[in-house]
There are 2 protein chains.
Amino acid sequence: MHRIEVDAEIDILDIDKRLAAENRDFLKKHGITAINIMGATGSGKTLLIEKTADTLIDKVKIGAILGDVIGKADYERVVRRRVKAEIINTGKECHLDAHMIHHAIEKFDDVDLLFMENVGNLICPVDFDLGEDYRVVMVSVTEGDDVIEKHPEIFRLADVIIINKVALAHAVEANVNKMIEDARNLNAIAKIIRMDLKKNIGFNEWLEWLEEALSRSK
Amino acid sequence: MHRIEVDAEIDILDIDKRLAAENRDFLKKHGITAINIMGATGSGKTLLIEKTADTLIDKVKIGAILGDVIGKADYERVVRRRVKAEIINTGKECHLDAHMIHHAIEKFDDVDLLFMENVGNLICPVDFDLGEDYRVVMVSVTEGDDVIEKHPEIFRLADVIIINKVALAHAVEANVNKMIEDARNLNAIAKIIRMDLKKNIGFNEWLEWLEEALSRSK
């Protein structure tokens, strides 16, 4: 049993790497900044895309590929914000992969900024390069202040780590400083943002980082 | 690529079913009630085991097998409650399987109640029978009130569905009634419990269900 699993994984990851490189070429050719957003269900990934669109949509053309096991709720939320979107229902798969993105990417050749919203969990997306420029990992304080130390791999590879819903920290007895410390211990260089999207905390810091990232792609 | 994945999955699930049946025989032989607890990180799975132990440990011998990708934080929490425990670090795997349980189960031959706390997410554990008697799925209102409709499979197979942290529903703008309705639409017979473990809401209802389950195993 174990042998079969390992073999299959190696094959799949090799193919994923090759397709991710092709995705990256496509994105570069069209001057697109691509961001893989990872995080548990309810951490705030879709709301971050919505609020970003509300602020930037008149000067930046935004696309979003939305991964979910089933349904199109997230898709409907972002298209209302004039984001060009595509849903990928992954069924039993708990992550997006470069192959899925490869099928979806062509219609996004005219966008400046492409979000790839991964399937909601902190485990499966780690190994799969989608061809993105940046990896953003969102957690909410309501997931418990041990959520970062429990999932080290995904935080090690992040360019931005967002700790969301900080206004609820007291109500759920979460220590935000401990979470920031855990994130910093795992990742010395990532941008770490304390955020509460519903209270407008940390959103400007996110926009500053994003505008800098966009200007680097031009 | 797809062919390899499917073949491997069929093999693994066949082996899992056989080992789950062996686990079930072992549990039955020793009069143990086994509960597979599933739910996202931070939904309250470990706290439910802790509070259950606080209430029942003097009359019920309790064991817990704790699945986590890394670390032993949950293990330390439950052993402090005099729960006999074993940690299973799953590494890159996002679920427990019957094989892992098979290795761990022998030392639990003297318990009355065995919790199998699954790895924190609502996707991967669905297909893996561990040999349990009951499946409990916990969600927290902080995961968003669309979390149930986004993960139908895991709720369809549940015996108990717990909606936790209901005291925070207003703060996170979650509609608990919608969540209950979604759960009922997916599963006509599951016991559904509104809960807030930190406010002692719904805990007695859980204990009543549990004591009934324990008496059925005797």
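Specify which of the listed residues (A:A158, A:A188, A:A174) is within 14 Å of chain B (Cβ to nearest Cβ) and aliphatic (A, V, I, L, M).
Details: A:A158 fails: within 14 Å of chain B (Cβ to nearest Cβ); A:A188 fails: within 14 Å of chain B (Cβ to nearest Cβ).
Every option except A:A174 fails the conditions.
Which one of these is more than 17 Å from A:S43 (Cα to Cα), outside any strand (DSSP E or B) and away from chain A (no Cβ under 14 Å): B:A167, B:A183?
Details: B:A167 fails: away from chain A (no Cβ under 14 Å).
Exactly one of B:A167, B:A183 is more than 17 Å from A:S43 (Cα to Cα), outside any strand (DSSP E or B) and away from chain A (no Cβ under 14 Å), namely B:A183.
Please go through region B:125-153 and pick out each residue that is of a type in the set (S, T, Y), buried (at least 24 other Cβ atoms within 10 Å of the Cβ) and outside any helix (DSSP H, G or I). Full working, then the answer.
Within region B:125-153, the subset of a type in the set (S, T, Y) is B:134, B:140, B:142.
So of that shortlist, the ones also buried (at least 24 other Cβ atoms within 10 Å of the Cβ) come out as B:140, B:142.
The one that is of a type in the set (S, T, Y), buried (at least 24 other Cβ atoms within 10 Å of the Cβ) and outside any helix (DSSP H, G or I): B:S140.
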Given the conditions (1) under 23 Å from B:I15 (Cβ atoms); (2) buried (at least 23 other Cβ atoms within 10 Å of the Cβ), report the number of the one that B:K45 does not fulfil. (1)
Filter region B:154-211 for residues that are loosely packed, with under 14 Cβ neighbours inside 10 Å, of a type in the set (D, E) and closer than 23 Å to A:E173 by Cα and give the result. B:E173
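Here is a check on your reading of the model: is B:A40 of a type in the set (A, V, I, L, M, F, W, C) and at pLDDT below 95? Talk me through it step by step, then tell me what you get.
Values: of a type in the set (A, V, I, L, M, F, W, C): yes; at pLDDT below 95: no.
Spelling it out, it is not the case that B:A40 is of a type in the set (A, V, I, L, M, F, W, C) and at pLDDT below 95.
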Quick check on my filter: what residues within region A:117-147 are touching a strand residue (DSSP E or B) at 6+ places or on another chain (Cβ under 7 Å), among the acidic types (D, E) and within 14 Å of another protein chain (Cβ to nearest Cβ)? A:E117
List every residue pair whose Cβ atoms lie under 7 Å apart, where the two residues are 6 or more positions apart in sequence or sit on different chains, the first residue falls within region A:67-86 and is within 16 Å of B:P152 (Cα to Cα), and the second residue, located anywhere, is of a type in the set (D, E, K, R) and in a helix (DSSP H, G or I). A:D68/A:D74
Only one of (1) free of Cβ contacts under 8 Å to residues at least 24 places away in the same chain; (2) within 16 Å of the chain's Cα centre (by Cα) is not met by A:D133, so which one is it? (1)
Could you tell me whether region B:66-73 includes any residue that is among the charged types (D, E, K, R), at negative phi and modelled with pLDDT under 95? yes
Could you tell me which of the residues A:D109, A:D127, A:D145 is within 30 Å of A:K59 (Cβ to Cβ) and acidic (D, E)? A:D109
Residue selected from region A:89-116 under the condition more than 14 Å from chain B (Cβ to nearest Cβ) and part of a strand (DSSP E or B), by the criterion nearest to B:D127 (Cα to Cα): A:M116
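The values are calculated or read from the model by the stated rules, or taken from the named source; none is laboratory data. Because the structure is predicted, anything quoted here is derived from the model rather than measured. Here the Cβ is made from the backbone with ideal geometry for all residues, glycine too, and neighbour counts use every protein chain on show.
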